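Below: the structure, in structure tokens.
Derivation of every value follows stated rules applied to the coordinates shown; laboratory data play no part. Just so we're clear, the structure is a prediction, and the values are computed from it rather than from any experiment. Cβ placement follows ideal geometry from the backbone for every residue including glycine, while neighbour counts extend to all protein chains displayed.
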Amino acid sequence: MRYLVEELPKRVGHEINFDILCGTSVGAIHACYMAGTHQQGPSRGLQLVDFWRKMRLEEVLPFSRRDLFGLARRALGLRRKRDEFGAGNAPDRIYGMLNTQPLERMVVRAVPWRRIRSNVNAGHVQAVCVAATEIATGRVVVFLESGDRALPGWTRDPSVVPRITHLRPTHALASAAIPLLFPAVRINSTYYADGGLRLNTPLSPARRLGADRVLVVALRPHARHAHAQTLARHRVEDYASPFYMFGKILNSMLLDHLDTDLARMRVMNDMIRDGERAFGPEFAARLNEVSDMQRGEKFRVIHDLVIRPSADLGAMAAEVLPTIPQAAMRSPFFRLAMRNLERGDPSAESDLFSYLLFDGDFLAPLTDLGYRDAAAQEDALVRFFED
């Protein structure tokens, strides 16, 4: 994001603006930040980077030795939660191994939440949406802030439902609530968890809101390459570690939907292009006459550009952990992570730790990696934004 708002305008000759911003999980926080800081210009890129670089794990996710032994009790909290609900006092957060209150306070301060609505009203941004998983039903709820307060041609898929609202910190925090690790967040009368469980990359909401180009920021290398590298270093002994298992489960739940969504969208693009070759340039218009009447939506070719990390983020966590100064003294989490890394192949344990390493010693290299990966696609980005 820093590269897009700082450097790319020098090549294309104008600021980079987004009509529609969609995000899930940590992407929900970034989408809200970009919508709320539109008027700040290029400086918002460095401010976003500084927000992450200044984090210290022991401050963001305080984790004592007592917490370490009470993980199961904290995650379940059966007696305390039962008493609270029995008294008619639905808590704002339920279950979760980690205390996320300090992290939540940082997110609340970092994003100018009131500016989201004013920027949407002023037309600087057409729509902003974040997706969260409704725990009671398992469906994805897309919380949407838009200028016209309407839902043009929204999907009839009952598992993905839109909800017009004024975006608040709770919406983004709910979208980023990793199951079991972070507590679920209450919005009105029900609870929500990470939107990535069902809708990791919200291509469908962007398309329904009228996007004809989508720029996607991914968190994994291309699936084909990532899977080949994982199998190359895979060992049966890795399964003996619960950290390995939990990290892989989180990957499958939160990161593996993107390529499926992109493939489906590209198939639709090919069908439209093939139809125009077979039946003439009026094919799309005639198809949309029927589609608009039957479903209230129109088919169109949607161009995409995907920026992927050139390195595995889990492997980066394993490389960074041993280099963090005085890590073992700073937090029991660091000691736990490093002890497990010493017992086997570091890459086997690192997927889980990469989800929780809210520390500038890890996040600074990540921001540098993202900047370089965007710069490597500068020519493609220029073509994407040139008109």
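A few remarks follow.
- Label-to-label distance, nm, for residues given as Asn188 and Asp292 (7 Å Cα→Cβ offset): 3.2 nm
- Here the 3J(HN,Hα) profile of region 53-60, calculated from phi with Karplus coefficients 6.51, -1.76 and 1.60 at θ = phi - 60°, is 5, 7, 5, 10, 4, 5, 8, 7 Hz, Gly and Pro shown as x.
- Euclidean distance between Cα centres, region 167-216 to region 1-44, Å: 19 Å
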